[in-house]
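Note sheet for the following structure.
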Amino acid sequence: MKITIAIDGFSSCGKSALAKALAKELGYGYVDSGAMYRAVTLYFLNTGVDLENPESVHEAMEHLEIHFENAGSGNRTFLNGEDVENEIRQMRVSEMVSPVAAISEVRRAMVKQQQKIGKKKAIVMDGRDIGTVVFPDAELKIFLTADPKIRAQRRYDELQAKGQMIEFEEVEKNLRERDHIDSTRADSPLRQAEDARVLDNSYLTPQAQLDIALEWALEAIRLKTKSPRDFAS
Ligand code: CDP
């Protein structure tokens, strides 16, 4: 039985890692919706799009194509045929992505593509509006949270490991600003769906959080598999 799993939450609380691991366990597809907003942002940066100018935004949206390819090392993000997986994780993209993701025309295009990818179910998608806007009928919605200091430390360690020289305070400031913009924007703000299950992973190992999410997923699959007669009894 195939279900849709939506994972939402604040910046850098490990949504992608959990989504990826969960998809692997279930044999499902995995989509990092944030990577799509990051790719749009990279295109806007490279082509000098004026965010305040709707025509400039519209023109750019007509000229970009984003897709994912599954390489041996996992999902990679492509922008107009070019692998941009590493580039979109850079700080210059992180600094611009939330204002770009607040633009309705950008959201409309990304949500449409995300819904198309998820049509056949058997998918785990992570982001900010997956359980509220993209897949409001998802059988399992997880709202992931973690202590802001711990989130900043994790992202700092991740960037250091990639050789990006950056101050801890800068990382922390970026997360704070993105959280603020993402949860206060007019279009599809980040919020917990009413039927989402909350998972605070501040003090959980990756395996421990996967165990919990997997249990929830199997429960949701079992529930969906039950015939109407089972409910009547
Ligand atoms: O991995 P990290 O938590 O840093 O963020 P991400 O998932 O890569 O998302 C980058 C940015 O894209 C977020 O800060 C949001 O501004 C935006 N985003 C969004 O608006 N809607 C989504 N479904 C996913 C991401």
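The values are calculated or read from the model by the stated rules, or taken from the named source; none is laboratory data. Just so it is clear, the structure is predicted and the values come from calculations on it, not from any experiment. Please note: Cβ atoms are built from the backbone with ideal geometry, for glycine as well, and neighbour counts cover all protein chains shown. All accessible areas refer to the heavy atoms of the entire protein, side chains included, with ligands and DNA or RNA removed. Shrake-Rupley method; radii C 1.70, N 1.55, O 1.52, S 1.80 Å.
Quick notes on this structure:
- Positions within region 112-158 being of a type in the set (Lys, Arg) and touching a residue at least 40 places away in the same chain (Cβ under 8 Å), in sequence order: LYS120, LYS121, ARG128, LYS141, ARG151, ARG154, ARG155
- Selected residue (only one of GLY9, GLY27 is under 20 Å from ARG89 (Cβ atoms) and touching a residue at least 24 places away in the same chain (Cβ under 8 Å)): GLY9
- Among the conditions (1) closer than 19 Å to TYR28 by Cβ; (2) part of a helix (DSSP H, G or I); (3) of a type in the set (Lys, Arg), LYS112 misses just one, which is (1).
- Looking only at region 1-20, residues that are open to solvent by 20 Å² or more (accessible area, probe 1.4 Å), assigned to a loop (DSSP other than H, G, I, E, B) and not aliphatic (A, V, I, L, M) come to 3 in all.
- Of all the numbered requirements in (1) near the ligand (Cβ under 8 Å from one of its atoms); (2) farther than 13 Å from MET36 by Cβ, GLY81 misses one, and that requirement is (1).
- Members of region 147-168 found to be under 26 Å from LEU199 (Cα atoms) and charged (D, E, K, R), listed by number: ASP147, LYS149, ARG151, ARG154, ARG155, ASP157, GLU158
- THR47 being more than 14 Å from the ligand (Cβ to nearest atom) and hydroxyl-bearing (Ser, Thr, Tyr): yes
- Selection of helices (runs of 4 or more DSSP H) fully inside region 148-233 by the criterion of at least 1 residues being under 30 Å from LYS2 (Cα atoms) and of a type in the set (A, V, I, L, M) returns 206-225, 228-232.
- Highlighted here are the helices (runs of 4 or more DSSP H) found entirely within region 21-102 that include at least 1 residues which are aromatic (Phe, Trp, Tyr): 33-47.
- Residue within region 84-96 that is open to solvent by 50 Å² or more (accessible area, probe 1.4 Å), more than 8 Å from the ligand (Cβ to nearest atom), within 16 Å of ASP182 (Cα to Cα) and touching a helix residue (DSSP H, G or I) at 6+ places or on another chain (Cβ under 7 Å) present: yes
- Pairs where the first residue, in region 166-184, is within 14 Å of PHE10 (Cα to Cα) and the second is open to solvent by 90 Å² or more (accessible area, probe 1.4 Å) and not in a helix (DSSP H, G or I), C-beta under 8 Å, 6+ apart: SER183/ARG191
- Lone unmet requirement of (1) more than 14 Å from ASN46 (Cβ to Cβ); (2) without any contact (Cβ under 8 Å) to a residue 40 or more places away in the chain; (3) open to solvent by 80 Å² or more (accessible area, probe 1.4 Å) for HIS58: (2)
- Scanning region 126-141 for residues that are near the ligand (Cβ under 8 Å from one of its atoms), open to solvent by less than 20 Å² (accessible area, probe 1.4 Å) and not aliphatic (A, V, I, L, M) yields ASP126, GLY127, ASP129.
- Screening region 179-191 for residues that are within 15 Å of the chain's Cα centre (by Cα) and within 15 Å of ILE103 (Cβ to Cβ) and picking the one that is nearest to the ligand (Cβ to nearest atom) gives ASP182.
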